[in-house]
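One structure is given here, and the rest of the page talks about it.
Every number here is computed from the coordinates shown, using simple stated rules; none is lab data. In this text the structure is predicted, and so the values were computed from the model without any measurement. Cβ placement follows ideal geometry from the backbone for every residue including glycine, while neighbour counts extend to all protein chains displayed.
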Amino acid sequence: MAIVNVTPDSFSDGGRYHHVDAAVAHGLACLAEGATILDIGGESTRPGAEAIDAREEQRRILPVIEALASSTDALISVDTYRAETAIAALKAGAHIVNDVWGLQRDPEMANVIAKVGAGVCIMHTGRDRKRLADPIADQVVFFEHSLAVAEKAGIERQSIVLDPGFGFAKETPADNWSLMARMSELETFGLPLLVGTSRKRFLGALTGRDAAERDAATAATTVLMRMAGACVFRVHNVAMNRDALLVADAMLSARRGAYHTQSEGDA
């Protein structure tokens with residue numbers, strides 16, 4: 001899942017793809033590098049970012065979605081927590097809604113997704129809510145609530161992907177590492193897991209590098225999270241992370257082969 005920020009103020013690449021032509025060109029370049037999903041957002045979700053209204057959000061992203069939907073076969077995701085914007089984006093050609101508030105902010109969001117039959121990425125967040133001390137327990141409580149909202153609205157379970165929300169009100173770098181170390185525990189939901197660690201602040205705290213220089217660290221987390229069972233990776237640098245996934249998948253295949261060989265030998 002390639003990140004296409006049509007924003008002037010995103011933490012890593014704000015302003016680079018703020019104009020329609022630049023955003024569309026970036027989306028096409030990401031597809032050429034191996035992306036299968038383009039995640040298009042018009043409002044920065046970094047802490048302290050300036051809020052915009054739905055009209056401005058749509059002014060930024062709808063022409064980009066329309067252009068990419070008409071010129072490619074890519075899956076297009078809209079990064080929004082507003083039902084109004086989701087409706088417009090889905091009409092423009094988007095297939096997936098990526099909601100960083102996990103269907104828990106706009107009460108109409110789940111109904112919009114269900115009515116259209118779109119896919120949905122339900123992201124965990126710790127913002128504006130009391131969190132449990134145990135990171136996985138907090139994930140479970142949050143996702144159970146979100147999944148209940150989805151079920152009530154009629155969203156089909158096979159349309160759902162879960163995102164643990166690295167960096168979203170995980171207060172310290174250690175909180176993110178703890179969550180990463182226990183990612184496999186989220187497989188209890190039986191749903192695909194999406195990971196968005198790309199260039200996040202906790203990687204900078206570890207490496208001492210600025211946001212644009214964190215792609216190698218991101219690729220390392222991509223490998224680790226693939227080995228832990230994640231299957232969708234939201235990234236800035238598609239080519240590097242695609243290569244990292246090829247390595248991880250080769251190792252997973254080798255492990256499966258070794259297991260089968262061992263089993264046959266035992267038999």
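With the crude spin-label approximation of a point 7 Å out along Cα→Cβ, what separation in nm comes out for residue 32 versus residue 178?
It works out to 4.5 nm between the two label points.
Between residue 243 and residue 209, with labels modelled 7 Å along Cα→Cβ, what's the label distance in nm to one decimal, could you check?
Modelled inter-label distance: 1.2 nm.
Can you count the Lys pairs in the chain whose Cα atoms are under 14 Å apart, with each pair 8 or more apart or on different chains?
Values: 91/115; 115/152; 130/170; 170/200.
Step by step, the pairs that qualify in the chain add up to 4.
Using the membrane-span-like helix rule (whole DSSP H runs, Cα extent along the own axis of at least 15 Å, mean Kyte-Doolittle hydropathy at least 0.5), which helices of the chain qualify?
On the way: long enough: 20-32 (18 Å, 1.57); 54-71 (25 Å, -0.25); 135-153 (27 Å, 0.54); 215-227 (18 Å, 0.68); 238-266 (41 Å, -0.27).
The answer, listed by residue number, is 20-32, 135-153, 215-227.
Take the alpha-carbon centre of segment 54-132, take the same for segment 201-238, and report the distance between them in whole Å.
Measuring centre to centre over Cα atoms gives 24 Å.
Can you order the peptides 100-106, 154-160, 32-38, 126-132 by their average number of other Cβ atoms within 10 Å per residue, highest first?
Details: 100-106: 20.9, 154-160: 15.0, 32-38: 18.3, 126-132: 13.0.
Most protected by this proxy first, the peptides run 100-106, 32-38, 154-160, 126-132.
Any chance you could run the full-extension gain for residue 156 through residue 21? It's 0.36 nm times the residue separation minus the Cα-Cα distance, nm to one decimal. Walk me through the intermediate numbers first.
Details: separation 135, 0.36 × 135 = 48.60 nm, distance 3.50 nm.
Result for the pair: 45.1 nm of gain on full extension.
For a quick check: with amide H placed at 1.01 Å from N, whose amide H comes under 5 Å from residue 233's, ignoring anything fewer than 5 positions away on the same chain?
195
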